[in-house]
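This report refers to the structure that appears directly beneath it.
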Amino acid sequence: MLGPGQWLVEHIGQCENPETYEFVYEIIRKKINRTHDSYAIIFQCDREFNSSIGIQVDVFQEVDGGYKYFQTMTDKSACGFVKKYAEANLRRALSLANVDPPDCPFGPGPIIIRDFVMDYRELAKDAIYGTFQAYTFATFKKKKIGCVKIILNFDKRNDDDDDFSLI
């Protein structure tokens, strides 16, 4: 069923066989409340991250105790894709990594982000309810060069629920 709700990340981490991908990273997630998580991210990139880096997101929906293919989203520019769906979060993350300006493209080298607070309320407010498993691939010339596995849930939220806002 489609409707208004809120996203919640249940898991984020490495895909199977992480050694087969060029991009090396580590992500640590800490739950803050029902609308915010804190992340620490260390990302090593050996090239400029620019419009030549694409994105492919393979999404599976949980049904009958397993995950079934749901859809694939692609974009020739990973930066453009992230800007479209979470631009404010991208700018905050790159600012924390001392990328100046906090935008794409950014140069090669380590990107270290500490205490990045992700505000899930900035994501799409209408979607299909359910639990989803997504494999997000960074691509270069149709080759998968990085992968992040995410399990997330979209469910109904009542605005009258207890407010767990950050202080």
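The values are calculated or read from the model by the stated rules, or taken from the named source; none is laboratory data. Computed from a prediction, not measured in an experiment: that's the story for all the values here. For neighbour counting, all protein chains shown are included, and Cβ atoms are generated from backbone atoms with ideal geometry for every residue, glycine included. Ligands, DNA and RNA are stripped out before the accessible areas are found, and what is left, the full protein with its side chains, is counted by its heavy atoms. Shrake-Rupley method; radii C 1.70, N 1.55, O 1.52, S 1.80 Å.
Dividing the Cα radius of gyration by the Kirkwood radius, what Rg/Rh value follows for the range 79-144?
We get a ratio of 1.00 for the range 79-144.
With a 1.4 Å probe and all protein chains left in place, how much accessible area per residue does the chain have, in Å²?
60
Working out 0.36 nm times the residue gap between VAL117 and ASP155, then minus their Cα-Cα distance, what length gain in nm do you get to one decimal?
Numbers: separation 38, 0.36 × 38 = 13.68 nm, distance 2.07 nm.
Computed gain between VAL117 and ASP155 is 11.6 nm.
Given a 1.4 Å probe and heavy atoms of the protein chains only, how would you sort ARG47, ARG121, largest accessible area at the top? It would help to have the intermediate numbers written out before the result.
On the way: ARG47 55, ARG121 110 Å².
The most accessible residue leads, giving ARG121, ARG47.
Taking H placed 1.01 Å from N in the peptide plane, check which residues at least 5 places from TRP7 or on another chain put their amide H under 5 Å from its amide H.
Those lying under 5 Å, H to H, from TRP7: there are none.
Among GLU122, GLU26, what's the order by accessible area (1.4 angstrom probe), most exposed first?
GLU26, GLU122
Would you check the accessible area of LYS143, probe 1.4 Å, heavy atoms only, in square angstrom rounded to 10?
Here the residue's solvent-accessible area equals roughly 120 Å².
To the nearest 0.05, what FRET efficiency results for SER95 and ILE42 with a Förster distance of 22 Å applied to their C-beta separation?
0.85
If I ignore ligands, DNA and RNA and count only protein heavy atoms, how much of MET1 is accessible to a 1.4 Å probe, in Å² to the nearest 10?
Accessible area of MET1: about 150 Å².
For SER51, SER77, write out the residues from largest to smallest accessible area, computed with a 1.4 angstrom probe and no ligands counted.
SER51, SER77
Hey, what angle do you get for helix 78-96 against the long axis of the chain, alpha-carbon based, 0 to 90 degrees rounded to 10?
Result, in degrees: 80.
Heavy atoms only, probe 1.4 Å: what % of the accessible area of the chain goes to carbon and sulfur, would you let me know?
Using a 1.4 Å probe with all protein chains present, the chain comes out at 54 percent carbon and sulfur.
As a test question: what accessible area, to the nearest 10 Å², does VAL24 have when a 1.4 Å probe is rolled over all protein chains in place?
90
D for the range 1-87, whole µm²/s, Stokes-Einstein with Kirkwood Rh over alpha-carbon pairs at 37 °C and 0.692 mPa s: what number?
208
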